Amino acid sequence: MFSNPPKHHWRVHIKNMETTIGVGIHEHERRKQRVLVNVVVEGEYLAKPQVIEDCFNYDHVHNLVVNEWPKKEHKPLLENCAVELLEHIFRCDNRVDYASVRVCKPDIFPQVEAVGVEAEWTREDFKKLVLNKT
């Protein structure tokens, strides 16, 4: 076996993960509402993974969004959710180089499919914005 197994650039997608949370600035948004979360995570992982430790484990993202977010207090902004998830992704796996998070409310206006926000960070952004390291 290789002493240093070859690595490869991987991109992981999570599409339209649904959860129910309290988010928004309007009074009617005090009730929990459906939110859809899309995530892209990129990093250098083994070219031929054999076990989950060789890969980005998206269970960490699923657990936060589907199991933990519904228990949390109301957030005023979707942006709060996106930032929290980005921080979580970078803290969970230091092999992550880039992450994009989109959080949408599909039921907010009857005239639109969804309203949402998207943010993307690099590892350098995480260090600068969260760890205060330049």
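Six or more apart or on different chains, Cβ under 9 Å: which pairs go from a residue in region 1-30 that's farther than 28 Å from residue 42 by Cα to one that's of a type in the set (Asp, Glu) and loosely packed, with under 15 Cβ neighbours inside 10 Å? Could you list them?
Pairs found: 22/73.
Between a residue in region 40-65 that is without any contact (Cβ under 8 Å) to a residue 60 or more places away in the chain and any residue that is of a type in the set (A, V, I, L, M, F, W, C) and in a loop (DSSP other than H, G, I, E, B), which pairs come within a Cβ distance under 8 Å, given they are 6 or more apart or on different chains?
Listed by first residue and then by second, the contacts come to 41/56; 43/56; 45/55; 45/56; 46/55; 49/55.
Taking region 1-32, which residues are at pLDDT 95 or above and polar (S, T, N, Q)?
16, 19, 20
Mind telling me which of the residues 128, 133 ends up being at pLDDT below 95, surrounded by fewer than 16 Cβ atoms within 10 Å (Cβ to Cβ) and part of a helix (DSSP H, G or I)?
Testing whether each residue is at pLDDT below 95, surrounded by fewer than 16 Cβ atoms within 10 Å (Cβ to Cβ) and part of a helix (DSSP H, G or I) leaves just 128.
Specify which of the listed residues (79, 73, 18) is closer than 18 Å to residue 99 by Cβ and not small (Gly, Ala, Ser).
79
Among the residues of region 61-86, which ones are out of contact with any strand residue (DSSP E or B) (no Cβ under 9 Å at 6 or more places or on another chain) and modelled with pLDDT under 95?
Correct list: 73 only.
Give 28, 13, 8 a once-over and let me know the one that is more than 20 Å from the chain's Cα centre (by Cα) and assigned to a strand (DSSP E or B).
Just one listed residue meets the conditions, 8.
Can you pull out the residues in region 45-69 that are assigned to a loop (DSSP other than H, G, I, E, B), out of contact with any Phe, Trp or Tyr (no Cβ under 6 Å at 6 or more places or on another chain) and of a type outside the set (Ser, Thr, Tyr)?
Across region 45-69, the qualifying residues are 47, 48, 49, 50, 51, 56, 57.
The values are calculated or read from the model by the stated rules, or taken from the named source; none is laboratory data. Note that this is a predicted model, so its numbers are computed, not measured. FYI the Cβ positions are ideal-geometry reconstructions off the backbone, even for glycines, and counts take in every protein chain you see.
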